[in-house]
Amino acid sequence: MLFCHPQPESYHQHSASYIRDALAPFLKDEEARLTAESVCKRSPLQVVLCAATSPAVKQQEETLTYLNQGQSYEIRMLNRKLVEYTDISCKYVKSIVRVVFHDRRLQYMEHQQLEGWRWNRPGDRILDIDIPLSEGILEPRSHPMHLNTIEFLWDPVKKASAFIQVNCISTEFTPRKHGGEKGVPFRIQVDSFSTNEHGEYMEHVSSSSCQVKVFKPKGADRKLKTDREKIDKKALQDREKYQLSHESTVLKECSPWPDALNLSIHSSSTPSPVYHSSPTSCTFTDGNCSPTQPGELLMPACSDQLLPSSSPQDTQQWLQRHRFSPFCRLFCSFTGADLLRMSREDLVQICGPADGIRLFNTMKGRCIQPRLTMYVCQQQARPAVKPGAGDIYHALYLEELTLMDLSEKIAMLYSFPPQQITHIYRQKPSGIHVLVSDEMVQNFREETSFILSTLRDETTDGYRVVLK
């Protein structure tokens, strides 16, 4: 039978000291290796949210930042020598900013929660970008179906600043409304991608996030002040258990959001919709327009109107022709009569101010109002008569107050190329001919009548037009 004899205390101390001394070189090498790996794997981008962190957070916990609803906060995209840490050679990086739930339970219910918020706040977005304040970013975009997401391009060689606005508050997702302090926390996450060999933004560069709570306007300032006063009242020994408050929040590295890559692939293969925002109205082109597609550059023709008899399929085609593709899924079961029954206010709530007003005007067939209306009559081969004495006049509608637009309208009226008009003159009562310029067109009075005569120019084989 074996008996275990307890070893003296000095033996244990000597043994532990001996083991530490023996393993010290290996532990030192391992620590150096892990440090080197962490430096190599460090994200090439640093993202900073310009909002103060709360001082009422313990040392071991994640930072917490308070935000005011609808207030613009700067997100700085800083480059840590991007080329040195990664093999990125593309000119631009795409960053996708999103507001998501911090609690795991709400993350599983995110779709239902966002749909409920959309129903209660039609036409609003959870996350917006303040275009006038932002700098160094290109092609800011949002999708009507992704209320909590925005994206933009920026040059990694330069710094970029995107000002965001969070329009929801933390208590909107709690079963009972207790106020801002009892609201659920959110996360602001930024995922960045570079282009692959096909020019698609699919190569993951970095992901980082931070924890935030959103209060009603000025509520975040009051909460931050309350936290500071509470910490100041604690003893010095207790204060050391809490983090210091910083003026800015550094987003910590994290895993990419599961839908980030899918959203990046979709947006690089399909043109993103025009960005529209509730507090700031700013419109960007879709990027498909070109001089070879004149139909895309002009307002839809007044003759191409939506009819009450249009079927859902015809309505879908009409929406796509008039650049309302992002809303095709929303109106997939609508007939022409269904859409035409909707008021301007209904469309603004559903589609947002910019697209809602544009859709309403397009449905009602409202054409662009001309900036100047003129009446001209071609001079006949008979004695001159006063304007209105039996002559037939034609209306010219100028969308631009320029000599070129006037030349094009006159050439279109009399069926000859505008390049054949060499000069346009205005004949004064004294008989002198004054050369018409852009400035003269801008000073024409509304609904002025002219008798128009054309003279053949033998030197250029064109026409000289005289307005009397």
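Quick check, is Ser207 touching a Lys or Arg at 6+ places or on another chain (Cβ under 6 Å), small (Gly, Ala, Ser) and open to solvent by less than 30 Å² (accessible area, probe 1.4 Å)? Against the criterion (touching a Lys or Arg at 6+ places or on another chain (Cβ under 6 Å), small (Gly, Ala, Ser) and open to solvent by less than 30 Å² (accessible area, probe 1.4 Å)), Ser207 does not qualify.
Looking at Met109, is it surrounded by fewer than 19 Cβ atoms within 10 Å (Cβ to Cβ), touching a residue at least 40 places away in the same chain (Cβ under 8 Å) and not polar (S, T, N, Q)?
Details: surrounded by fewer than 19 Cβ atoms within 10 Å (Cβ to Cβ): yes; touching a residue at least 40 places away in the same chain (Cβ under 8 Å): no; not polar (S, T, N, Q): yes.
For Met109, the condition - surrounded by fewer than 19 Cβ atoms within 10 Å (Cβ to Cβ), touching a residue at least 40 places away in the same chain (Cβ under 8 Å) and not polar (S, T, N, Q) - is not met.
Residue by residue, here is whether (1) closer than 27 Å to Pro256 by Cα; (2) touching a helix residue (DSSP H, G or I) at 6+ places or on another chain (Cβ under 8 Å) holds:
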| residue | (1), (2) |
| --- | --- |
| Arg125 | yes, no |
| Ala160 | yes, no |
| Ser170 | yes, yes |
| Thr174 | yes, yes |
| Arg187 | yes, no |
| Glu197 | yes, no |
| Ser207 | yes, yes |
| Lys213 | yes, yes |
| Lys234 | no, no |
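When restricted to residues that are part of a loop (DSSP other than H, G, I, E, B), open to solvent by 90 Å² or more (accessible area, probe 1.4 Å) and farther than 13 Å from Met374 by Cβ, the range 401-448 contains 4. Pairing residues of the range 233-247 that are of a type in the set (D, E, K, R) with residues that are at pLDDT 90 or above and part of a loop (DSSP other than H, G, I, E, B), at Cβ distances under 8 Å and at least 6 apart in sequence or on separate chains, gives Glu247/Cys50; Glu247/Ala52. From the list His198, His178, the one residue that fits, being farther than 30 Å from Asp155 by Cα and modelled with pLDDT under 85, is His178.
Would you check if Ser170 is open to solvent by less than 10 Å² (accessible area, probe 1.4 Å), of a type in the set (S, T, N, Q) and at pLDDT below 90? Yes, satisfied.
The values are calculated or read from the model by the stated rules, or taken from the named source; none is laboratory data. A quick note: this is a predicted structure, and the numbers were derived from the prediction, not measured. All Cβ positions, even for glycine, are placed from backbone atoms using ideal geometry, and neighbour counts span all protein chains on display. Accessible surface areas use protein heavy atoms only, side chains included; no ligands, DNA or RNA. Shrake-Rupley method; radii C 1.70, N 1.55, O 1.52, S 1.80 Å.
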